[in-house]
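Notes follow once the structure below has been shown.
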Amino acid sequence: AIGKGQREWLSKNPDKHPWRRSDKFKSMPCELLKNKFGEEDISYVEEYQPILNRGYSLDIAFPDKKIAIEVNGNQHYEKDGKLKPYYQERQNEIESFGWKIIQLHYSSVYNKEIIKHLIEDLRNKHKVGNTDYSFYVDAQNEIKKERQEKKEKINKTCCCVMCGHQMRKKSKTGFCFKC
């Protein structure tokens, strides 16, 4: 578990979260599943944020269907096989926004029958297939860009509390050099 200060910092800087880094550890089972979807001509969005003001990111998402797949390692589970409290709370919150999350233990990705059944279920029951998700990706990127620009603008500019002069850096006193 992370501390309150670290949690606050991550919520204010979601782009700095370890799961957002381009050099983050790639889950081989998740990559294998993504490759299988590619072979089956099933489109998806990876690392999709279903709730924009939260730091949650879904491994594989079908945003138009509000369906997600999470490929989890053992660290996500209690000894009895239930999700650990954080991951269960996260799932409950995302599902409260109308999402369905399919939790897959990483070992199940290597089971051809499980994956065959998953793909059949996605195609037949949920009508998942080859969909252009560029709108969803572009929209999320635009929102992230706007947030970053707003954050940079706030960090770069501030005004003197006495005269209102715009300063490049915030002073400790709140006053510009002249005041």
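The values are calculated or read from the model by the stated rules, or taken from the named source; none is laboratory data. Everything numeric in this text was worked out from a predicted model, so none of it was measured. Ideal geometry is used to build each Cβ from the backbone, glycine not excepted, and the neighbour counts take in all protein chains shown. For accessibility, only protein heavy atoms count, side chains too; no ligands or nucleic acids. Shrake-Rupley method; radii C 1.70, N 1.55, O 1.52, S 1.80 Å.
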Given a Förster distance of 45 Å, the FRET efficiency implied by the Cβ-Cβ spacing of ARG54 and VAL161, rounded to the nearest 0.05, works out to 0.85
In what order, largest first, do PHE62, PHE175, PHE135, PHE97 sit by accessible area if the probe radius is 1.4 Å? PHE135, PHE97, PHE175, PHE62
Rounded to the nearest 10 Å², the accessible area of LYS34 at probe 1.4 Å: 10
